[in-house]
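The values are calculated or read from the model by the stated rules, or taken from the named source; none is laboratory data. Given the structure is predicted, the values throughout are model-derived calculations rather than measurements. A quick note on method: Cβ atoms are made from the backbone with ideal geometry, for glycine too, and the neighbour counts reach across all protein chains shown. Areas reflect the complete protein model, heavy atoms only, side chains present, ligands, DNA and RNA absent. Shrake-Rupley method; radii C 1.70, N 1.55, O 1.52, S 1.80 Å.
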Amino acid sequence: MPDPVELEIFRELFHSIAEEMGASLRRSAFSPNIRERRDYSCAVFDEHAQVIAMGDHMPVHLGSMPMSVRAAIEHLELGPDDVAMVNDPFAGGTHLPDITLVMPVFVGAGKLKAAKPDFFVASRAHHADVGGAAAGSMGLSREIYQEGLRIPPVFLMRGGEMQRDVLNMVLANVRTPEEREGDLGAQIAACNTGARRLVEICGRYGLARVQRATEELQIYAEQMTRALLDSLPEGEYTAEDFLDSDGITDTPVRIAVTIRIARKKNKQKKDKQRKRGSEPMVTVDFTGSDPQVEGSINAVEAITYSACFYVFRCLLAEDVPAAAGIMRPIRMIAPEGTVVNARPPAAVAGGNVEMSQRIVDTLFRALAQAAPELIPAASAGTMNNLTVGGLFPKGNPRAGAPFAYYETIAGGMGARPTQDGISGVHTHMTNSLNTPAEALEYAYPFRVTRYSLRAESGGAGKHRGGDGIVRELELLCDADVTLLADRRARGPYGLHGGKDGSPGRNAVVRQDGSEAPIPAKGSVRLQKGDRIRIESPGGGGWGKT
């Protein structure tokens, strides 16, 4: 029987490692997207590549990161001071801008050549540009080859030496090579930080004791998840939701889910299976979701798994380890060739940011039937991805050099069963910040002309949904603007009689003051002095007024 005090100490130790990795990455990053918006994630894994701790970073990154780690160790023989790099969505990645670095950790005798790693650490960061047809690598596309540079698991470092040929290949295919090199260096620093801390912990407690603690944390996470699932009524709960379109056609795209909660009647058999940790208690089945589409909103399996991990983690107490054990009682079915498990060469840039949010909305809508007292109304349901690319204008110290700006814009949180939703906040699969106006204007040829809450955009109800945001930028040079957003045709749903939140809006304001709506998915060429205005959705209301 594990000592609960010791278990909590190790839980905090591993979590603090992931958090410190994130701090190292943030403080040494070059790009505002990572340094200011905090679009990154770090995690710690055991010798079997099972996650044992995550930083309080981006849920869409964290739940899917184990697939990238497994892909790296399956394709490469990682030795001391090696670093693997991968961004391929069909090899455990999410979308191409998210580059993951994986480092093995060897403790003590593990430095011997024949030894296997004792742990792994990984850092993932969204790079503001990885090539492709559109600046920011988030443009409207029909296949993954248009979205940017696709990197299978490769060595970025071997034995502590940078693989310059690999790095040069990456830098030659992006618009902002200096920024990319700096951000990759920050990710390496984060991995080194995690590796050092693991070695220190093992030096203090001993490798055997630390590894025993990692398995005990997995078992504890599983037991707590099973206890939660035991509290939910048995049954079959179905839900569906729709993205507005894939950007190529105007046809709504359906996500369907059936959540089956079933427990064995034979308690003795159930207890034995629970001890083994082999029997799933819940099946999450996405059969009935639309086939993969031509546009870039398709999600790979890792994204769908990540959304499931996030939703069930939300239902657990905060002190439950964010470990692989959470998903042991949960079985996921995501049919291949659908929008929740797309196959190559599908375009997937929006799967990470838009489809992931709608999968969460659909899962919560189903679970609201089983646990109405726990589930909030729908939040904004979109990351409102905005990218701007061009050349710095004359008079700027960087005149003639390319720039690529990327940002997600917050929205309204759905109302909760006991209180209103929060206004102007990133929710669910995103956990980033908006770029501060001062940092944005310093780094790019833009001016922030409006940044405010969008009044009355939250849905009415016993508890009101949070309001969205109005974000307006004036361009100080000609530039290409790309928007990848959703919840424009229909607002986020309310629950139990609450009203839907207001859908979002996008517009271009010309120099003469005239306004023109622009599509939620696509690119436009704007002139110096034009303004782009994004009004994000408000959250749904909860309960009748």
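A few notes on this one:
- Gain upon complete extension [Arg525, Tyr205; 0.36 nm per residue less C-alpha separation]: 109.3 nm
- Near the amide H of Met332, within less than 5 Å, lie the amide hydrogens of Val284, all on another chain or at least 5 residues away, with H placed in the peptide plane.
- Sequence-separation-based contact order of the stretch 30-99, relative, with Cα cut under 8 Å and 6+ spacing, percent: 21
- Nearest-20 debye value, the stretch 355-468 charge dipole, Cβ charges on Lys, Arg, Asp, Glu: 200
- Cα centroid separation, the stretch 185-215 to the stretch 319-354 (Å): 28
- For the stretch 54-71, 3J(HN,Hα) per residue [Karplus equation, 6.51 cos²θ - 1.76 cosθ + 1.60, θ = phi - 60°, Hz, x = Gly/Pro]: 10, x, 7, 10, 9, x, 5, 6, 5, x, 9, 4, x, 5, 5, 5, 5, 4
- Placing a label point 7 Å from the Cα of Val166 along the Cα-to-Cβ direction, the residues of the stretch 70-96 whose backbone N falls under 14 Å from that point are 71-88.
- Heavy atoms of Leu243: accessible area, 1.4 Å probe, square angstrom to 10: 0
- The computed Cα extents along the principal axes in Å for the structure shown corresponds, within (1) 73, 60, 38; (2) 84, 55, 52; (3) 113, 54, 52, to (1).
- Only aspartates and glutamates eight or more places from Lys462 in sequence, or on another chain, were considered; those with a Cα closer than 13 Å are Asp420, Asp500.
- Within the stretch 380-485, GluC sites (Glu not before Pro) in DSSP loop having at most 14 other beta-carbon neighbours inside 10 Å: Glu456
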